[in-house]
Structures are given as C-alpha cells and as structure tokens.
Amino acid sequence: MREAIRFGRNGTVREVRDVHPRTTLLDWLRLGERRTGTKEGCAEGDCGACTVALGRLVDGRVVYEPVNSCILLLGQCDGADVVAVEDIAADGALHPVQEAMVTHHGSQCGFCTPGIVMSLFTLYEEGERPVGRDAVNDALAGNLCRCTGYRPIVDAALDACATAKDRRFEAHREAAACALGEIAADGADLFMRDEGRFFAAPASEESLAALLARHPDATILAGATDVGLWITKSLMEIEKIVWLGRVASLRETRSTPETLTLGAMVSHADAHAALAAIDPDLGELMRRFGSIQVRASGTVGGNIANGSPIGDLPPALIALGAKLHLAGAKGTRTLPLEDFFLGYRQQDREPGEYVRAVEIDKLRRHDAFRCFKVTKRLDEDISAVMGAFRLHLEGRRIARARIAFGGMAATPKRAPLAEAALVGLDLDDELAWAPALDALAQDYRPMSDHRASAEYRAVVARNLLFKALAEIAGDAGLRIAPRPAGLAAE
Amino acid sequence: MTPATTFVGSPVSRVDGPAKVTGAAVYAADFDIPHLAHASIVQARVPAGRIAAIDTRAAEAAPGVLAVMTHETTRRLPWHPRDPRPGVDPKAGERLHVLQDDVVRYDGQPVALVVAQSEEQARAAADLVRVDYAPTAARTRFDVAYARAPSEATAKAGRPGDTSRGDPEGAFAQAPVRVDVPFVQPREQHAAIEPHATIAAWDEDGRLTLWDKSQWVDNVRTEIAHVFGLAEDRIRVISPFVGGAFGSGLRTWPHVTLAALAAERVGRPVRLALTRRQLFTNTGFRPHTESRVRLGAFPDGRLTAILHEATGQTSTYEEYAETTLTPARQLYACPNVATRYRLLDMNVNTPSPMRGPGAATGELFLETAMDELAHALGMNPLELRRANLAKTDPDSGKPWSSNALAACWDQAAARFGWADRPRTDEARRAGRERIGSGMASAFYPAHRAKARARVTLYANGGAMIQAATSDMGPGTYTALSQVAADALGLPLEQVRVEIGDSALPPAPAHGGSITMATLGNAVANACAALRETLGADGEGDLTPALRRSGRDSAAAEGASSPGKEAQEYESAAFGAVFAEVRVDPELGTVRVARLVGGYDVGRVVNPKLARSQCIGGMVQGIGMALSEEAVFDRHCGRVMNANLSDYLVPVCADVGALEAFFVESDDRVFNPLGVKGLAEIALCGVAAAIVNAVYDATGLRMREVPVTPERIVTAQAARGR
C-alpha cells in the first residue's frame, strides 16, 4: 500500500500525500507550484487553455499526450510525467513550436497560447511526419482561440513540423523514463488519506473489487472527462474516489477475426485505430469525438458507464452489436450493451459493480456500416443527433438491420420498428424505403433543448437513415465487407 | 520632423511573443499577492423580484469561510454619479449598485458574496447560501410591441430614435424595385478565452490597488473612486496583459466593486475570478436586435430609398443603445433615408459594446437586404454596390478624409474570382453539396481621442515608452515600439513599452479601433518633443544627442487629440468581404470554404499583426453567421448555454481558406500617422457575405442568424410544402 501520489516533474519524482482527493492538476500547478503559465479559461475541458502534456511509460519509453488539466485530478497523474508550458524551453532557447508561434504571430492576446503550445508540442514530439493541415486541425480541435482566426497557428504548426525533429526534448524524456520506471516498479495499491475521504488507485482487479465492496458509495473514476465536470461545475462533494488507472487488465485490447474487446480503461485515443479498422466511419467518429485532449483522458468504459444520452460511442457500438462485461462482488456478468441503459442517466449497474470491458462484434462478409455525427461546429461539439447503422445484405436485399441513435431519447436507443421495416427491402428500390424511414417516428420521441428541437431531430434522424441507405446502395462492393486488404489489417 | 520609417509598415514579430509562448505573461488572475483570500458570487435565480430572506448561516459555518456579504450586511457606498459619463457607459439609467438593496433585476445578478481561504471553499460555501425570492413579473420575451424610443441623452450621443433625409416613404412607394426584409440577430457573447478576474488589496493608508482585466485602466480607477467616494490618486489599477476582451473590458463591472468590498471586509487582498458561466451575466454582451430594412431602387440599381428600423434589447436599469443604423445613413449614396431605432427594456444584465458594436449588426441587416435587392433587380450584387458608392458622406455632406471602398470591392472581387463564380445550378453542385458565393461591404467610423505618452531615453541606447493604454491582443506593445523606434532612430529591441497601469500618462479606452490613431500619434509627439528638448533635429539615433548633454536619461511627454479634421471631414475604415460556402441540404450543415477580405484601414503599421487581426475578425464573423447565439429561455429568463461547449465559437476545423489584404491607403488628413484603425472593421460584413452565399447555394433566404443546420432544414421543409 502506498499513501502518496507519485508523478514525474522535470526529471524528478514528486510525492503528494495531503491534497484533497478532488484537487485538479491545474489547481496544483497554479496554486501548489505557483506556476501560472497554464491557464483556466472554462474549467470544463472545452477551451484547452489549461492543456499540459502527460507522459506515460509505453514499452520503456515515455509517450506524451495532451490533457485538459482543469478536469484531470492530480491523482490521475500517478505514474505519469507532467510537462507544462514553462518546462519546454531548454536553457533559454524556445522549443521549436514556441519559436514558430512567435514567428508566425500565433498569439494575439496570448491567453490560449500556453494550451496551444502544449497541444502543438505533443504533435511535434509524438506526431507522425509529415504533418498536414488535417493533423493540425485534429491537434487543435480542443483549443479555442478567439483572436487569431487560427490560421497563424496552423502556419506555425506546419512550419515547426516541416523540419526534422529537434532532439532537445529527448533528454527530458529519458530522465522522465527513469523517474516513471521507479514509480511503476512498486506495483502497489495507492490509497491517499483516510477511509472517509480518499483517492485510491488499486493495482489489480482483486484489490479493486475488495475496495469497492468496502466502499460501494465510492465514485469510480476512469478518465474524469465527465466526473471532472461534476467537481468543477456541479460542485459535487465527492469524497471517495476510486481510479481505475492502475489496473493493467482494464487497459487491455483483444482482437479476434470476429470481435474486438476493449478494456474499460482503454482511452478513446488508444481505441481509435482498432475501431477505425472495423469501419472508416468509426474512425471518423472517433476523430471528431470531443477533442484530442478529451480522447487522451476519456475512456471507452467511462463513455458507456456514465450513460449519457448524447455520448457518441454507445449508439455506434449498439448498432454494431456489442456485449458489456461487468464485475462486482457477485461475480461477473455479460449483457447486450443496449440493455445496460435503463433510463435517463440510469444504468444496470449495482453499487460496487464496475464495467470491465466491451466486446464488439466486427463486420462480417456482406455487412455494411455507417455512422454520422451531426453538429453545428465541425469539431468539439456535442451531437444534436448521432446515428449508426449496420446492414447485412443478401445480394442487393437487406437481410438484417441494426439501427441506434443518440440524442433521440433519454438513452442511446435502438429502432426496432425501422429495423424490422428494413428487412427484405431492395437497395435499388428507393421508393420502397419510405415505411422504414417513417417507422423512425414511432421508434423515437425526441425532446427539444437548446441544442436542437424535437422536430429537427426527427427530420435529421430520417435523413441520416436515408443517407446511410443511399450511400450503401451507391457504393455496394466498395464499402461493404469484406474490405480491401489494407483496411482489414489490424 | 519627418521620421524615418524603418519599422512602421514592416511585418516585425510581436515583441511580447516569447513571454506569451512560455507562459511568462502575467494576467489578472495570475498575480501572486501574499495572504490572498478568494471570493465567489451567489447569483439570483429569478429574473425579477425582491429578496424575501437570505440565510447565510450554513455558508458562514463552512470550512475556510472568512465572510459572507449580502445587501443586509454590506455598507452603503456613495456611488457618486459620473459626470460626464465615460463614452463606454450607457447614457441613461443607473449602473448596478451591487449588494445595496433587495431588488433583483435579472437572473444571475449578484445577491451575495462569500470570501474564503481558498477558491474551492468560497465556491462550496456560496452554494450553501439560501435565498428566498418574492418574484415579480419579468420581461424575458423579446416583443417589439413594448419597445420605446431612446432617451434624449442617448439620442444626442449618436443613437437617435428617428432620423430622416429627403422623402423616404414617398420615394420608397414610387421606387420601381423594392425589397422589405426583416432580420434577427440574437444575443452574442464576447467569449474571450480569459475570464474576467480582479484582485483587490487595500494598504494601511487606505489606498486601493486593483489588478484587473481591463481595456481601460483609467476608467476603472475613476469608476471605483466614484463608487467608494475616494480621491482618484488613492487608487491604482494594473492590467499589463489582457486575454482578449472585444469590448467586455471597456466598462468597470460590478465584480470589481465586489472585490474591493470583500478585501475591505476581510482586511486581506481578495481575488474574485468570474466563472465561465458567470461571465454571461456579470459582464456585457451584444444585444439581441431585430430589424426591418426597406430598400427602393431604380432599374439601374441606384438607391432611391433606404428605410431601416431596428430594436435592440437593454436592461431595466440602464439604457444601452448602439449605432446600428449608422451604416444605413452613411454607407451608400441615397437621397431619401429614414432610420428608426427603438429599445426594449428586459430583465437581463446590461449589454455592452462587442467588436464592431452597432455597425457589425447594422451591416448584417443592410447588406443582406442589399443582396435581396440585387436579386430583385436581376443585378450582380457587386455592381449594385458600385452603383451606390458614396463619394462624400451622404449624411453630413462632408468629404471623407479618405475612402478606398471602390478599391476594396475591385481588388477583393478579383482575388476571390467573383466574375468566375459558379452561376448555374449545375456548377453550384459538388456531389451532395451546394456551392454558393456572396459578398458584402464593410464600414466602421474612425475616431481619435485624447491621450498622453511619455518617452524616456537612456544613455545606453535604451528607451521606455509609457502610457495607460492596454493591449488586449492586437499588438499595442509591438506597434508602439515600432513608432518609437522610428522616431528615436533606435533598433526595435532597444525600445520597451510599459502600458496597462493607471499610474502612467492617461489614455482613452483601448477599444473602438482608436488606439493607434490616438496613442501612436501621442508616442510620435513625445519622441518629437524629446528630440526638440535635446536640441537634435531631423532623424536618426537620438542617443548621441543625449550623451552630448551629459545626462544619463531624458524624458518628454507628448499628447494627441482630435483636431479640426474631426469637424471638417468624416473618417471611416472600409472593406469588402467575399465568401464561398458549401451547404449540405439534407443535414443543413454550412461550411465556409473561402473568405476574402480587402480593407482600407489607412496606413498599416505592421502587416503581420494586421493580417492576423483581420483573419481573427473574419472567424468571429463565421461564428456570428453560423453558430453563435446565447440561447435565452424566456420562461426562466436565463441563458441556457452559458459555457464554451454550447456557446459555439468556431474551432480550427471550421476555418477554411482565409485571405485578408489591405488596399493602398494612408490617411494623413485624419491623423499624422495615417492610420484609421482595424479591429472593428474585420468583423463587419463577414456574416452578411456568408448569409448571402447561403442564399446563392440554396435559394433559401435566411433572415435570422446563426444559420444553423436546424434552420436550414426547417427552411428547406417550409419551401417543400
């Protein structure tokens, strides 16, 4: 048992044992270290001004990802290296991305700049070359800038990443690897503070189950991209936090020809490639999921377990056909993913039970899949409607259909009537699709809110189903499994 | 003296760039003041009424709490009237006297303040304050039936209720071609990335220091002096870096008073940082405005009548009004013009100037109506504008100090490829998407104000420029360095600029695009005065003259204020914006593929800064056109999307190809430096060009922004019926 959070800071190991379990990394940097280069713009992971790089050991090397420090709890830094904007200019010389930001006038007011520098820093240090405009857009999707119009920042990013990688940061990386190696070696359960108020990070599923049995009221924490908001926005007085980040078995990804199994702690970033290999639409969905910071922290298990009616992943996984594996004091159980969602923010999860993994049914021969996310802003926007469709074809005839939508009900939900109406339809007979399109009006009674009206949601859902059918009818053979060899590879 | 122009006009990198990319630039909330306590606001949860009871016991007992302040426990402050009122304040009504009475004027109004050892403790305790309200009827629905004419004070300040020249109604009635276009622009928020924050500290002698996010430190000092009944020299306001403001930092908001009150109560420095949600109700916003434009024209496109009516929202306690209708009177030559401006008092906090105040709104209305007129005439929208070029100011009859609008139209059209835009249905189709092109003119009046600046030259060749102006992002530090380096004959890196401190020579608001036309000349004059003091003439390095005088340093001040040109001429920045959009008609999504803007802003001090600022304005225009709207729930009188995940400012991926350029212009009539100012103009016209392009793509006349997917789909469905 270890009682202190341990993380890397500029080549040394920092130990913290007396902070409140809810302390965020941003507060610790600004108030604890009195280093105010990292900014707070929204305190809910939208603007990215608080972005820092978080490095974790992967096969002996420290790999950095950008994270929103405003909604990342300090305890989640356990075993990681924290790099903030003040840390990357070595010996008075600016980092290449800092240099390029100055040259290209990437700052105006400068308040978003530290976060943007850190997003570009991880792009520079970890991104694959060559870096194009799309990669820069992705790197910056979680950083809002209100002054520059982004173009000077894009120019700075392209310029900095155009030349061979500067090796200066490698010394830091190696020192961090030593520090993190030391932390990783202990393999101990982390338990900071006392039974009434703690941040705990069990190192195994046995410890996790025991801890949850002792504290069924504890809040289970994965990436904190949602729980972080409960703390910073809803001011929820969460006193007992159990973080899953040290349980290695929950970080596993397993792939067979038929299924893909993602452990609950697999981040969206880590799941991206495996999901994209199932279908390019899933890859695009993951690219537009939150922002790069949110995908680095947020997890597949968290996105499912918190039961948001507008989470983007559950509808896609339900349409594909996915099973959820849970574990708790009474043992393990498995259920179809759609059955997990009972009502608005109500899930079929007992106190002390946790999500272990989701097992996804891959596309088979003659299967076609589409999913679409409809938003106002291209990136970093919550879906008004998210629709996902899996069809099994016999020739040009639809033999089976699975449809799921987000944003159309209190939970992610299938469309049984539309699914039934699709069976037997001919892809080439567009006029015959109408009953299936009409059935969506019976399947869903969407609500109006400030994101979209019920009427609009209904129209868009119908149009998305039409779009899916039209696309599949149009390029049958191209995007219907079996896929071209390059895409099938995993 | 004619200074050499080595730096003015050249694209030097911003001098504060290294500080900003390393996190070294210090903003209001960053100051490390010893013994700091933290305050958190409790906000009203009804839009109108009285506080029936307020129970602070639980909050007072909470961990770390130092004080809980309510209207019952806060001392009465003098709140002396400002006379004259600062230009950034409404001309009628009375500013919010925070924690002075039990009246609730809007949802979100501060009704209590908690001060605690830590920010988290303050926020947690603020949540424990129980307030019972006796609600009264509130106006939370925008209904023009209740609108009223502005007061005389407002009318005198360039926001008249009714104006008329010629015979507008008669000319409109007889016009061969007419359009009548209603339009709605919703409430928009500045949404700068830095939240407003204030640190207040009183010393033993009763002097107050405020570290504040502000575009006008002198005004914060004067305002707080009036609120507390203090002499101005007892107050110092410090604001070296401002993390974007776009107008939100022009006024002195109630939270500054709250911070000072809290620091007084607990006898310690106090920091009050507004949360993102609180920014929506504790600073200002661009008011919801509804408009009707009627245009009459001859078949050749010449305008014969412009009738523009607009109603903007204001609060119940202050009369905030905008120059929404100025473009209708000044942008085009037209003999018969009427404007009618009305205000609607609502239970909201008071709106405030937001980038391009009045003009950006008015030109959205006018320029979309001009597009409708062009189609009614069967005329190229660009040719319609050309047919109505105002060679002199059509309202006053005075000459323009300079006007290169025609060059903006011509050059921007050429760069955009307007003549070759897709014009058939087939050419406008790209797969499932529709391509559309649109254009609009841009116009923003140019002004100058009074300012002073100090220059100090040191024998080692260094120089210091000082003035109480600000730099919210456009590059005041850099541009003033350039002016001074030229005037003193020094390398740029030898010049340091110190601003954002009320202890420095006085400056006007850093807003309204006046900073360079005002401070730039004051700095040049200070340098010229120093040159004269040292008996040096002409140009070149002034340091040898200083060394010859045997002194270690020498200082001089210079002033600048508007001259008789302000009476004899009209001055304005001009522009032309061209947009290409891609619309997915089934999903209703609109993407701006290209924007080209050509601008006449006078002399450009730094093309690199100027281009970036214009592109930034264009992207705010994309937001105005497509995504930005503070959604106001009329049932509870509350903004429903008071955060940055639902109040949608554009992201990087929303930004297509952008091109901003400057036509040749140098307005030495307006001021010796020749600049006109370019912050506001960059937003003007952008949204109209995009809305017009959406029409070109889809045939849908969208008369409300933002043009969301939902609105496109709904309009599409309505057309289908």
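One line per residue, one yes/no per condition, for (1) within 12 Å of chain A (Cβ to nearest Cβ); (2) within 30 Å of B:PRO135 (Cβ to Cβ); (3) over 22 Å from the mean Cα position of the chain (by Cα); (4) open to solvent by less than 20 Å² (accessible area, probe 1.4 Å):
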{"position": "B:GLY637", "(1), (2), (3), (4)": "no, yes, yes, yes"}
{"position": "B:TYR647", "(1), (2), (3), (4)": "yes, yes, no, yes"}
{"position": "B:PHE662", "(1), (2), (3), (4)": "no, no, no, no"}
{"position": "B:ASP667", "(1), (2), (3), (4)": "no, no, yes, yes"}
{"position": "B:ILE681", "(1), (2), (3), (4)": "no, no, no, yes"}
{"position": "B:GLY685", "(1), (2), (3), (4)": "no, no, no, yes"}
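When residues of the stretch B:535-565 are filtered for being touching a helix residue (DSSP H, G or I) at 6+ places or on another chain (Cβ under 6 Å), in contact (Cβ under 8 Å) with a residue 60 or more places away in the chain, more than 30 Å from B:TRP400 (Cβ to Cβ) and not charged (D, E, K, R), how many remain?
Summing the residues that are touching a helix residue (DSSP H, G or I) at 6+ places or on another chain (Cβ under 6 Å), in contact (Cβ under 8 Å) with a residue 60 or more places away in the chain, more than 30 Å from B:TRP400 (Cβ to Cβ) and not charged (D, E, K, R) in the stretch B:535-565 gives 3.
Going through B:ASP107, B:ASP101 one at a time, which residue ends up being crowded, with 22+ Cβ neighbours inside 10 Å, in contact (Cβ under 8 Å) with a residue 12 or more places away in the chain and in a loop (DSSP other than H, G, I, E, B)?
B:ASP107
Sort out for me the strands (runs of 3 or more DSSP E) sitting completely within the stretch B:529-634 that have 2 or more residues that are among the acidic types (Asp, Glu) and in contact with a Lys or Arg (Cβ under 9 Å, 6 or more places away or on another chain).
B:572-584
Got at least one residue in the stretch B:61-74 being more than 12 Å from chain A (Cβ to nearest Cβ), assigned to a loop (DSSP other than H, G, I, E, B) and open to solvent by less than 60 Å² (accessible area, probe 1.4 Å)?
Looking for residues that are more than 12 Å from chain A (Cβ to nearest Cβ), assigned to a loop (DSSP other than H, G, I, E, B) and open to solvent by less than 60 Å² (accessible area, probe 1.4 Å), one finds at least one in the stretch B:61-74, hence yes.
Here is a check on your reading of the model: is B:PRO422 surrounded by 17 or more Cβ atoms within 10 Å (Cβ to Cβ), touching a residue at least 12 places away in the same chain (Cβ under 8 Å), touching a Lys or Arg at 6+ places or on another chain (Cβ under 9 Å) and farther than 18 Å from B:LEU331 by Cα?
Spelling it out, B:PRO422 is indeed surrounded by 17 or more Cβ atoms within 10 Å (Cβ to Cβ), touching a residue at least 12 places away in the same chain (Cβ under 8 Å), touching a Lys or Arg at 6+ places or on another chain (Cβ under 9 Å) and farther than 18 Å from B:LEU331 by Cα.
Quick one: A:GLU128 ticks every box in (1) facing another protein chain (nearest Cβ under 9 Å); (2) over 30 Å from B:SER10 (Cβ atoms); (3) part of a loop (DSSP other than H, G, I, E, B); (4) without any contact (Cβ under 8 Å) to a residue 40 or more places away in the chain except a single one, so which number is it?
It fails just one condition, (1).
One line per residue, one yes/no per condition, for (1) among the small types (Gly, Ala, Ser); (2) away from chain A (no Cβ under 14 Å); (3) surrounded by 19 or more Cβ atoms within 10 Å (Cβ to Cβ):
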residue: B:LEU546; (1), (2), (3): no, yes, yes
residue: B:GLN567; (1), (2), (3): no, yes, no
residue: B:THR589; (1), (2), (3): no, no, yes
residue: B:GLN613; (1), (2), (3): no, no, yes
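Looking at the stretch A:288-301, can you tell me whether even one residue there is surrounded by fewer than 18 Cβ atoms within 10 Å (Cβ to Cβ) and of a type in the set (Phe, Trp, Tyr)?
no
Could you identify the single residue in B:VAL42, B:VAL88, B:VAL21 that is assigned by TED's automatic domain parsing to the domain that holds B:ASP471 and open to solvent by less than 50 Å² (accessible area, probe 1.4 Å)?
None of the others qualify; the one that does is B:VAL21.
Please verify whether B:ARG178 is in contact with a helix residue (DSSP H, G or I) (Cβ under 8 Å, 6 or more places away or on another chain), over 20 Å from B:VAL26 (Cα atoms) and surrounded by fewer than 21 Cβ atoms within 10 Å (Cβ to Cβ), treating the condition exactly as stated.
yes
Is it the case, given these coordinates, that A:ARG400 is touching a strand residue (DSSP E or B) at 6+ places or on another chain (Cβ under 6 Å), closer than 27 Å to A:VAL423 by Cβ, open to solvent by 10 Å² or more (accessible area, probe 1.4 Å) and not hydroxyl-bearing (Ser, Thr, Tyr)?
yes
How many residues does the stretch B:437-496 contain that are farther than 23 Å from A:HIS105 by Cβ and in a strand (DSSP E or B)?
So the answer is 18.
Go through the stretch A:222-274 and give me each residue that's basic (Lys, Arg) and away from chain B (no Cβ under 14 Å).
Once the filter is applied, which keeps residues that are basic (Lys, Arg) and away from chain B (no Cβ under 14 Å), the stretch A:222-274 yields A:LYS240, A:ARG246, A:ARG251, A:ARG254.
For the stretch A:341-403, which strands (runs of 3 or more DSSP E) that fit wholly inside it have 1 or more residues that are within 14 Å of chain B (Cβ to nearest Cβ), under 21 Å from A:MET286 (Cα atoms) and in contact (Cβ under 8 Å) with a residue 24 or more places away in the chain?
It comes to A:367-374, A:385-394.
Quick check on the stretch A:148-170: of everything there that is touching a strand residue (DSSP E or B) at 6+ places or on another chain (Cβ under 8 Å) and part of a helix (DSSP H, G or I), which residue is farthest from the other protein chains (Cβ to nearest Cβ)?
A:PHE169
Out of B:PRO195, B:PRO240, report the one residue that is closer than 25 Å to B:HIS35 by Cβ, modelled with pLDDT of 95 or more, within 14 Å of another protein chain (Cβ to nearest Cβ) and surrounded by fewer than 24 Cβ atoms within 10 Å (Cβ to Cβ).
Answer to the selection: B:PRO240.
Against the condition assigned to a strand (DSSP E or B), of a type outside the set (A, V, I, L, M) and open to solvent by less than 10 Å² (accessible area, probe 1.4 Å), how does B:THR368 come out, does it pass?
Taking the combined requirement at face value, the residue does not satisfy it.
Listed residues B:ASP233, B:ASP205; which is part of a helix (DSSP H, G or I), surrounded by fewer than 24 Cβ atoms within 10 Å (Cβ to Cβ), modelled with pLDDT of 95 or more and of a type outside the set (A, V, I, L, M, F, W, C)?
Residue meeting the stated conditions: B:ASP233.
Any idea which of B:ILE54, B:ILE33, B:ILE41 is in contact with a strand residue (DSSP E or B) (Cβ under 7 Å, 6 or more places away or on another chain) and part of a loop (DSSP other than H, G, I, E, B)?
Unique residue meeting the criteria: B:ILE33.
The values are calculated or read from the model by the stated rules, or taken from the named source; none is laboratory data. Treat the numbers as computed from the prediction; the structure is a model and nothing was measured. Glycine gets a Cβ as well: all are built from the backbone with ideal geometry, and neighbour counts include every protein chain shown. The protein model used for the area step is the full one, side chains on, heavy atoms only, and it has no ligands, DNA or RNA in it. Shrake-Rupley method; radii C 1.70, N 1.55, O 1.52, S 1.80 Å.
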